[in-house]
1. Does segment 104-133 hold any residues that are in contact with a strand residue (DSSP E or B) (Cβ under 7 Å, 6 or more places away or on another chain) and either in a loop (DSSP other than H, G, I, E, B) or not hydrophobic (A, V, I, L, M, F, W, C) (or both), and which are they?
2. Provide a single number: the residues in segment 324-344 that are more than 21 Å from A212 (Cβ to Cβ) and not charged (D, E, K, R).
3. Within segment 42-63, does at least one residue satisfy the condition of being surrounded by fewer than 19 Cβ atoms within 10 Å (Cβ to Cβ), out of contact with any Phe, Trp or Tyr (no Cβ under 9 Å at 6 or more places or on another chain) and either assigned to a loop (DSSP other than H, G, I, E, B) or of a type in the set (F, W, Y) (or both)?
4. Quick check, is S327 in contact (Cβ under 8 Å) with a residue 60 or more places away in the chain and of a type in the set (G, A, S)?
5. Being assigned by TED's automatic domain parsing to the domain that holds A194, touching a strand residue (DSSP E or B) at 6+ places or on another chain (Cβ under 8 Å) and not polar (S, T, N, Q): is that true of L155 here?
6. Take the residues in segment 244-256 that are surrounded by 24 or more Cβ atoms within 10 Å (Cβ to Cβ) and touching a residue at least 40 places away in the same chain (Cβ under 8 Å); name whichever of them is nearest to H345 (Cα to Cα).
7. Specify which of the listed residues (G18, G50, G80, G25) is on the phi > 0 side of the Ramachandran plot and either in the same structural domain as L213 (by TED's automatic domain parsing) or among the β-branched types (V, I, T) (or both).
8. Where in segment 180-286 are there helices (runs of 4 or more DSSP H), lying wholly inside it, with at least 3 residues that are over 22 Å from the mean Cα position of the chain (by Cα) and at pLDDT below 90?
Amino acid sequence: MGTFINKGNEGFRCAINGEYVDKTGMIEIINMTLDTERRYTCLTRSRRFGKSMALDMLCAYYDKSCDSRRLFDGLAAQSGATFDKHLNKYPVISLDITDFITRYGKDAVIIKYIQRNVMKELHEVYPDVKSEEGDDLMELLIRIQQYTGEKFIVLIDEWDAICREFSDDPAVMDEYVKLLRRLFKGGKSKDVFAGAYMTGILPIKKYNTQSALNNFREYSVVKSGTLSRFFGFTPKEVECLAESSDVSMDDLKAWYDGYSIGDEPSIYNPYSVTEAIASGECDSFWSTTGAYDSVATYIEMNYEGLKDDIIYMLSGGRCPVNTIGFSNDMHDVRSKDDVLTVLIHLGYLSYDKNEQECFIPNKEARMEMVNAVASCKWNVAKALEASKKLLKATLAGDEEAVAAGIELAHDSNTSILSYNDENSLACVLTIAYYHAMNDYIIHRELASGKGFADLVFIPRRNVDKPAMVIELKYNKDADAAIDQIKRKDYSNIALEYSGEVLLVGISYDKNGPEGKRHTCVIERITTPPHPSAIVPGQ
């Protein structure tokens, strides 16, 4: 078993010995590209979304130095039409670029070291193939293919690690791209390679407006194609894992769901799901694994409108984003759209391709975003810290404290309230009640009774707290808000899911008496909850 050549199937064997979720169906898709114009594939996702595990699977399947048939017994790949045709039939070159960076650091000749190490092992595996002085890696591969008549499969993990680590050294980046182009865009490339499969965080870097390797078929979170379901867990897969665990499906959904990738509207973070099930509780696992730049680095760039967008997404909103202009370089960030696109690729935001909008997908990502905001010099961090006190005051019926808390949220978000109306106040209120997202599903403009309630807080399953209906008024007193809740029966939908509902009327008057721009009135009503109620959004 080699270091780079014919590594065998041990990596995949270890994977299936655990709680393995069958993703081998992608093998049939990759097989269909071999020895075609589509033989080159690049798959990009954030860290901990199963990219390396998929690489181990492909290595085990294609590597001719081992017999992997029994490892695939009962798995989806086995029923594929091309399974037998390509099983363990190829010499495989498998490279993890981060391993080279770990070994050689930021040495300016790292690309030469990569070629030298791979060529050295190729000479050991193929001692009868002689090379000449001046041969590079591609020339040696051409000689081997001509000698053996066999084509290679190339697997490259973390292809973009060089681009991330050597962003301040364009010469190294250019040399690396030249190596990849020499391998995969040369006149002999189709003779040497049956296929190539690369993974990374970022899609292939653009030079001007063109991809450096435009013959690769790319599958990213922005443009995912047919491979969406193979990276991340689907709801059914998570349900199967959760059946034998102490962690509820509701908690797993709130913490790790929310990624919209390609045609898959609901994708869970796989690493965090498996960690939560193994530990018996949900927590922020994935956010502690990042070896890439902090989210705060990008947020602090604070391009015009970025702060407002981040705040709006923290409040549960969605923001438009143009991902096309991004150069696929985390250090070449020149606009708000670039920042949002980076955060999409890093997994902190999800992307809706149909609406071309981004949003915070789940509690885990939201916690990390809050930490990033807290490290910035944004006043909004004070409102986030005060949100726990605000919820406590609301549940206690403390009208004065609630009005003061809303006042703080308003002052902390003056940019988002560039105009004064109920819609902008609703956004700020959702920020003010950020802490409530732990226990509530929060709906804006939820259809209820004879109209649309401004904000409705429905308790999550197994949460013993009252529902809340919040109505907002601009330049009218808070009693008018309570009256509207009652007249239009806004509380009805909340009563279906909770035996107790708080009616919260909040008024904003920019010229309020004694400088008190916000006032609050709270009433409490009770009734038995409907026994079959299903919380919207859960």
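The values are calculated or read from the model by the stated rules, or taken from the named source; none is laboratory data. Note that the coordinates shown come from a computational prediction; the quantities given were computed from them, not determined experimentally. Cβ sites come from the backbone with ideal geometry, for glycine too, and all protein chains shown count toward neighbours.
1. Correct list: E121 only.
2. Selection size over segment 324-344: 4.
3. no
4. On the way: in contact (Cβ under 8 Å) with a residue 60 or more places away in the chain: yes; of a type in the set (G, A, S): yes.
Yes, satisfied.
5. On the way: assigned by TED's automatic domain parsing to the domain that holds A194: yes; touching a strand residue (DSSP E or B) at 6+ places or on another chain (Cβ under 8 Å): yes; not polar (S, T, N, Q): yes.
For L155, the condition - assigned by TED's automatic domain parsing to the domain that holds A194, touching a strand residue (DSSP E or B) at 6+ places or on another chain (Cβ under 8 Å) and not polar (S, T, N, Q) - is met.
6. Applying the first criterion (surrounded by 24 or more Cβ atoms within 10 Å (Cβ to Cβ)) to segment 244-256 yields 252, 255-256.
With the extra rule that they be touching a residue at least 40 places away in the same chain (Cβ under 8 Å), the set shrinks to 255-256.
Numbers: W255: 19, Y256: 16 Å.
Applying the filter and picking the extreme gives Y256.
7. Values: G18 fails: on the phi > 0 side of the Ramachandran plot; G80 fails: on the phi > 0 side of the Ramachandran plot; G25 fails: on the phi > 0 side of the Ramachandran plot.
Going through G18, G50, G80, G25 in turn, just one is on the phi > 0 side of the Ramachandran plot and either in the same structural domain as L213 (by TED's automatic domain parsing) or among the β-branched types (V, I, T) (or both): G50.
8. Values: elements: 189-192, 235-242, 249-256, 270-279.
By residue number, no helices (runs of 4 or more DSSP H) qualify.
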